[in-house]
Amino acid sequence: MGETSRATEPLLRASADIGISATPREIYELISDLPRSGEWSPECQGGAWVAGEPATVGAVFRGENHRSPDVVSWAPVVRGAWTTHAEVVAAEPGRTFRWAMHDSAGHKQSSVWGFDIEAAAEGSVLVHHFRMDAATEGIRGITAEMDEVEKKRFFQEWGDKVAGDLAATLERVKAVVEKQ
């Protein structure tokens, strides 16, 4: 009767939160408008919806991205401009918006970015999070030639970078929403 399952720890997980003087619905309208993400993302410069009804589950967004040369400078990560495709996997207005990154064949990977919104006394609390359960196609390529020490160093530095990006994104979202 009692099968137990052991939860697997994700390869990488990070989150940050911030209070915003706006309703959950107002915040959702902005964060689900991914073509505007260049206004708040440290890497995504914007992009376009390329499949499905924009901002609904199953819709696909092509992101135009840019990464500076100093990001984990010793590792072979993508630098400069590149594009990504991501599929919306959760879209609950005023509550949650999440998207999973596609691999080069167009399949969803276990690399999910998202926002959750909760009403609060002074407006709302916005949580931005990232979770990678297994190495993505890109991460496998980056770490393919690394030994265990280098992999550990890479994931530590990459995790710090992601955490910093989440916090920076929230500060920028807050500024955009509260300015509107």
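The values are calculated or read from the model by the stated rules, or taken from the named source; none is laboratory data. Remember, it's a predicted structure, so these values are computed and weren't measured experimentally. Don't worry about glycine lacking a Cβ; one is built from the backbone with ideal geometry, like all the others, and counts go over all protein chains shown. Each accessible area value is taken on the protein alone, full model and side chains, heavy atoms only, with ligands, DNA and RNA left out. Shrake-Rupley method; radii C 1.70, N 1.55, O 1.52, S 1.80 Å.
Descriptive notes on the structure:
- The candidates 18, 27, arranged from most to least accessible area with a 1.4 Å probe in the full protein assembly, appear as 18, 27.
- Note on residue 75 and residue 148: their simple-model spin labels are 1.8 nm apart, each label 7 Å out from Cα toward Cβ.
- Percent accessible area from carbon and sulfur atoms, the chain, protein chains only, probe 1.4 Å: 50
- Ranking 57, 177, 93 by how far each Cα lies toward the positive end of the dipole of the chain (charges on Cβ) leaves 57 at the top.
- Using θ = phi - 60° and Karplus 6.51 cos²θ - 1.76 cosθ + 1.60, couplings along segment 84-99 (whole Hz; Gly, Pro as x): 9, 10, 9, 10, 5, 10, 8, 8, 10, x, x, 10, 8, 8, 9, 9
- Net dipole in debye of segment 35-103 [+1 Lys, Arg Cβ; -1 Asp, Glu Cβ; about Cα centre; nearest 20]: 60
- Förster radius 30 Å - calculated FRET efficiency between residue 66 and residue 25, Cβ distance, rounded to 0.05: 0.45
- For the chain, the fraction of C-alpha pairs farther apart than 29 angstrom is 23 percent.
- Annotation note: GluC sites (Glu not before Pro) in segment 103-180 located in DSSP loop regions with a Cβ neighbour count of at most 13 within 10 Å are 122, 145.
- Basic side chains Lys and Arg get +1 at the Cβ, acidic Asp and Glu get -1 at the Cβ, and with that the dipole of the chain about its Cα centre reaches some 140 debye.
- Under 26 Å from residue 174, Cα to Cα: lysines that are on another chain or at least 8 residues apart: 161
- Based on protein heavy atoms only, segment 24-79 ends up with 47 Å² per residue of surface accessible to a 1.4 Å probe.
- When the Cα positions of 139, 126, 21 are compared along the charge dipole of the chain, 139 comes out farthest toward the positive end, with charges on each C-beta of Lys, Arg, Asp and Glu.
- Those GluC sites (Glu not before Pro) in segment 1-79 that DSSP places in a loop and that have at most 16 other beta carbons within 10 Å: 3
- Degrees, to the nearest 10: 148-179 long Cα axis against longest axis of the chain: 10
- ³J(HN,Hα) computed for each position of segment 126-140 - Karplus, 6.51 cos²θ - 1.76 cosθ + 1.60, integer Hz, glycine/proline x: 10, 10, 10, 9, 9, 9, 10, 6, 9, 4, 7, 3, x, 5, 4
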